[in-house]
1. Which residue is farthest from the chain's Cα centre (by Cα), if the candidates are limited to segment 665-692 and must be part of a helix (DSSP H, G or I) and loosely packed, with under 14 Cβ neighbours inside 10 Å?
2. So, in segment 268-296, how many residues would count as being open to solvent by less than 20 Å² (accessible area, probe 1.4 Å) and in a strand (DSSP E or B)?
3. Out of Ser239, Ser245, I need the residue that is of a type outside the set (Phe, Trp, Tyr), surrounded by fewer than 17 Cβ atoms within 10 Å (Cβ to Cβ) and under 19 Å from Leu610 (Cβ atoms). Which one?
4. Restricting the search to segment 59-82, which residues are assigned to a helix (DSSP H, G or I) and open to solvent by 10 Å² or more (accessible area, probe 1.4 Å)?
5. With the requirement that a residue be under 35 Å from the mean Cα position of the chain (by Cα), among the charged types (D, E, K, R) and open to solvent by 20 Å² or more (accessible area, probe 1.4 Å), what does segment 754-787 give you?
6. Name the pairs: first residue in segment 71-86 and closer than 19 Å to Val363 by Cβ, second residue acidic (Asp, Glu), Cβ to Cβ under 7 Å, at least 6 apart or on different chains?
7. Can you tell me which residue in segment 482-510 is surrounded by the fewest Cβ atoms within 10 Å (Cβ to Cβ), limited to those that are in a loop (DSSP other than H, G, I, E, B), at pLDDT below 70 and of a type outside the set (Ser, Thr, Tyr)?
8. Suppose we filter segment 252-264 for residues that are in contact with a strand residue (DSSP E or B) (Cβ under 7 Å, 6 or more places away or on another chain) and open to solvent by 30 Å² or more (accessible area, probe 1.4 Å); how many remain?
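The values are calculated or read from the model by the stated rules, or taken from the named source; none is laboratory data. Since the structure is predicted, the reported quantities are computational estimates derived from the model, not experimental observations. Using ideal geometry, Cβ is built from the backbone for each residue, glycine included, and neighbour counts are taken over all protein chains shown. Ligands, DNA and RNA are stripped out before the accessible areas are found, and what is left, the full protein with its side chains, is counted by its heavy atoms. Shrake-Rupley method; radii C 1.70, N 1.55, O 1.52, S 1.80 Å.
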Amino acid sequence: MSEPGGEGWGQSGNPTSVFAYEGHQGPEEGGMKNEGEMRKGEEEGQGKEEDEDYDSPPERQIVVGICSMMKKSKSKPMTQIMERLCKFEYITVVIFPEEVILNEPVDKWPLCDCLVSFHSKGTNERFPLDKAVEYANLRNPLLINDLNMQYYIQDRREVYRILQEEGIDLPRYAVLTRDPDRPEECNLVEGEDHVEVNGEVFPKPFVEKPVCAEDHNVYIYYPTSAGGGSQRLFRKIGSRSSVYSPESCVRKTGSYIYEEFMPTDGTDVKVYTVGPDYAHAEARKSPALDGKVERDSEGKEIRYPVMLTAMEKLVARKVCLAFKQTVCGFDLLRANGHSFVCDVNGFSFVKNSMKYYDDCAKVLGNMVMRELAPQFHIPWSIPMEAEDIPIVPTTSGTMMELRCVIAIIRHGDRTPKQKMKMEVRHPLFFELFDKYGGYKSGKLKLKKPKQLQEVLDIARLLLAELGQHTDCEIEEKKGKLEQLKTVLEMYGHFSGINRKVQLTYLPNGQPKASSEEEEGPKEGPSLLLVLKWGGELTPAGRVQAEELGRAFRCMYPGGQGDYAGFPGCGLLRLHSTYRHDLKIYASDEGRVQMTAAAFAKGLLALEGELTPILVQMVKSANMNGMLDSDSESLTDCQQRVKARLHEIMQKDQDFTEADYQKLAPTGSPSLVNSMKIIGNPVRTCDQVYTLIQRLTSQIRKRLEDPKSADLQLYHSETLELMLQRWSKLERDFRNKSGRYDISKIPDIYDCVKYDTQHNATLGLEDTLELFRLSRALADIVIPQEYGINKPEKMDIAQAYCLPLMKKIQLDLQRTHEDEAVNKLHPLYSRGVMSPGRHVRTRLYFTSESHVHSLLSIFRYGGLLDEVKDQQWKQAMDYLSAVSELNYMTQIVIMLYEDNNKDPGSEERFHVELHFSPGVKSCEDEENVPLGFGFRPASAENQEKQTNQGSLEDLSQDEPDRALPLSELISIRRSPMIRNRKTGSMEVLSETSPGSSKGASYRLFPSCSRQSPEIKPTGLGFEGCSMVPSIYPLETLHNSLSLKQVDEFLNAVCEDSSDAHAKTMKALSVLFDTSSQGYGQAHTYPPPKALSSSETPVRPPTHPLCLSSGPPSTVSSAGPSSPTSVNPSNPAIHFSFSE
């Protein structure tokens, strides 16, 4: 294609013919004509044609007619493109006036040789497509967009039919056609969490689209497990494109397409073709995410051009040809490593892209000339143009490039977890167990509202029978049935993810009675019913997660342009320019998933409800045991450890030296301190028991007081529910023989921690003493349940963490993107200094067990030698002094690349390990363990005099540098408590080059490190009471090589693979899971993940797979990675999108 001034353009580079809008008269010398003059000129030209000399240039111009509604004809993109089209020497553009199109017969319409005409809805009138078809039949012009196909584009059913016939991937869908006169007669069955359309089942989340393409009221329905409700999309109004609604039922009138919801990580890709060989693609925030349209400083919607994969370019070609629309827009959903077309819009232009305007005019102009120049004897040949060469930015400078951030994060503040076990034998329970396939695996989880309602119905029925006939043969205990009924009736309805019932088949009944039921076991099979409730994320937990997400942005380089001057804007800019490859995984616990969604909301500055964010951004990782653990099935090692703990804690005497050796062989200061506080464990348990009794009697007195009758406690709890909570602990903690059940200590600490933080206004006496003693007991019991000595800690940790360790290893190795990643198109990347750069972020949200286990692996797995490495010794001392891994505990791994080092060198990739013990406890003592800050300057770095001013520096990309704190603080007063001196990005070592070795800066500092000028508010986050602040990240090590870490992870995973293989074999024999492909410790088939394309863990016989896409997108670690996957290493095969 020629550049301006080249072949096919006017000699001066100016347009030789200009086009005018209706009623506009151009200068006579300019050669611009209105329709009448043109028609007359053409007739005269035809008469004189034979007399003309062949030497003179032809008078005849190729007329391109624009036949559309005025709003479209006069739009900025049309104006820009037509102005450029007129630069072709032999092309004139004529715009058909709207009143002519609407009111004149087609034989009175202007003449043209090439017609650009498309259907649209005007303000008051629709475009008369029928008349345009009639005109095309009359004049037979060259059609840029076929007119008859535009009828099909107005019907989504036809669009999907054509796409299917062309072999283009679509989401799975079904069409529901209703007769308007009899809407109730249709093939639709609606369930609690699914719809069935024509026999095809669509579990929520699913999408409901009106069959008429002009109707933009598309609804997305969410599952009850994510909070239910629906997101209602509509044509943009101001800065909104959708709104969340609590309505969960589908529409009952009209015809719709129902389709599977595709998890796209919150982005849509819009593709614009100009002929089969040109496609421009832009990505924007999905309107379904929070409904807020992102706009730039000029008020335009923010979109970023992205690169299409080879497969997507082929799809664009197919769409363009199948619908016979040269200029055609369509929507792509990128999900699970594939691309799906979900909508074809017909004629549409890109807005606000000068490059696209140039390209579009050239492609259209050349197309018109190629087709029509020979007819008019116009001397013209297709100009040749060099292919676009992909720009590969090179990086120079001494600073390293941030390549990967991996964080493992515990969920936020929750309500106390509660549990009740009962053995059931009634036939109704067995029928329920059979109905939901419990016999396949011997276990069943019931979480859905319909299932819980069935359990409640059984409990009510049995209690009614017991009430009528005291001698009837119901073996279930009345007290337990009443508790089951009370818990299931809480809140007045089943919603979200706040209760679940587990049933386990016991072929010979329960082996031994619990502390409460000390009768002999009955014969015959029974079911163990475990009711779990509580453990919901609290409003404080949401705030914690959102604030931590906001603070996490500060780990990424700073921003520029629209993002300049905002804290953590570097991440937002990376993300919106599609240089940020983000995946968020969460276990299937509701509190963990909601924490992940709240964190994503803060991280990406989203708005609105958590449900849409959860469904689109958070991937459920429950398919392979990566983030879930089945607490009911403990390993042999855990059973032994628990037995030893119980034995040591049951001694009615002060701890002896031998006990210190038995209980704290690692010499952990936090453990030793707790043992000193306790002294005599039985005496301390006595005190705790007495304090619980006092507490329950105080609550009872409050209940008798009429003033307190309707007292609302935190998170809608009542005094009755609080009393139930504590009374159950009082009953369970000490059994009839006077022995204490040590396994209840974490629950007691959980409850008192919750009440001291959230219900302190009640003013209950002795709660702080109960908190102090139960915390000391919990600080022994909780960490030691994960192993007492180092071999036990490693054994238990590997049982929990093997799949997660493998996944982390994969994340670190895959530092090169494959084609499936959204990439910023380099030719459109003005203001983005390094369009090819990608930062890979993987966030794993999980529970306490995985965080404890992963930390144990890093501490005791032999990553570094404390004797030889001073920094590691300091880190180990710091971790030993940490007593609790509280809510929002983080383990963060960051990978950097030094582009100056040889690609094969061990120094090329650099790994850092960081840690935060999470939320500050309400009564944290002043002598909390202090780490050495975030990314402290090492002696080696000081010798090199490297600038630690930002986390990275890419080719001296100045605008992408991190902001100093002084700028951050003046812009936005964040609820995260900040220190005037040591804020999120200030570098202390930078201020004085000769500063001490330990100099560092703090990322999200905690209030314990406030400067004297700032008075603590006592509220945790400013202005948000009862939300404690979070400890800052501390660096454990900042000079590891990727090779070191990779070899360490290999060794740890190999150690556990033999044991793991044995477990797998035993499970496959027991429940014949090999045919299903399930290989996790809990053997019931897990629920289908909301957004996963992952397959369950397979037995460890395969090497690591480095890709998730089709063979064309397979990428390996590549030549610049110093390590490659050891193919002999038995590992877990991850086939989901990494």
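1. First pass over segment 665-692, keeping only residues part of a helix (DSSP H, G or I): 669-678, 681-692.
If we keep only those that are loosely packed, with under 14 Cβ neighbours inside 10 Å as well, we get 676, 683, 690.
Numbers: Lys676: 44, Arg683: 48, Thr690: 46 Å.
Of everything passing the filter in segment 665-692, Arg683 is farthest from the chain's Cα centre (by Cα).
2. Residues meeting the conditions: 9.
3. On the way: Ser239 fails: under 19 Å from Leu610 (Cβ atoms).
Exactly one residue qualifies, and that residue is Ser245.
4. Met70, Lys71, Lys72, Lys76, Pro77, Thr79, Gln80
5. Hits for segment 754-787 are Arg775, Glu785.
6. Hits for this filter: Arg84/Asp358.
7. If we filter segment 482-510 for residues that are in a loop (DSSP other than H, G, I, E, B), which is where we start, we get 493-498, 507-510.
Pick out the ones that are also at pLDDT below 70 and you get 493-497.
Imposing the further condition that a residue be of a type outside the set (Ser, Thr, Tyr) reduces the set to 493-494, 496-497.
Details: His493: 9, Phe494: 20, Gly496: 20, Ile497: 21.
Of everything passing the filter in segment 482-510, His493 is surrounded by the fewest Cβ atoms within 10 Å (Cβ to Cβ).
8. So the first thing to find is which residues in segment 252-264 are in contact with a strand residue (DSSP E or B) (Cβ under 7 Å, 6 or more places away or on another chain), and the list is 254-264.
Among the residues that remain, those that are also open to solvent by 30 Å² or more (accessible area, probe 1.4 Å) are: 254, 260.
Of the residues in that region, 2 qualify.
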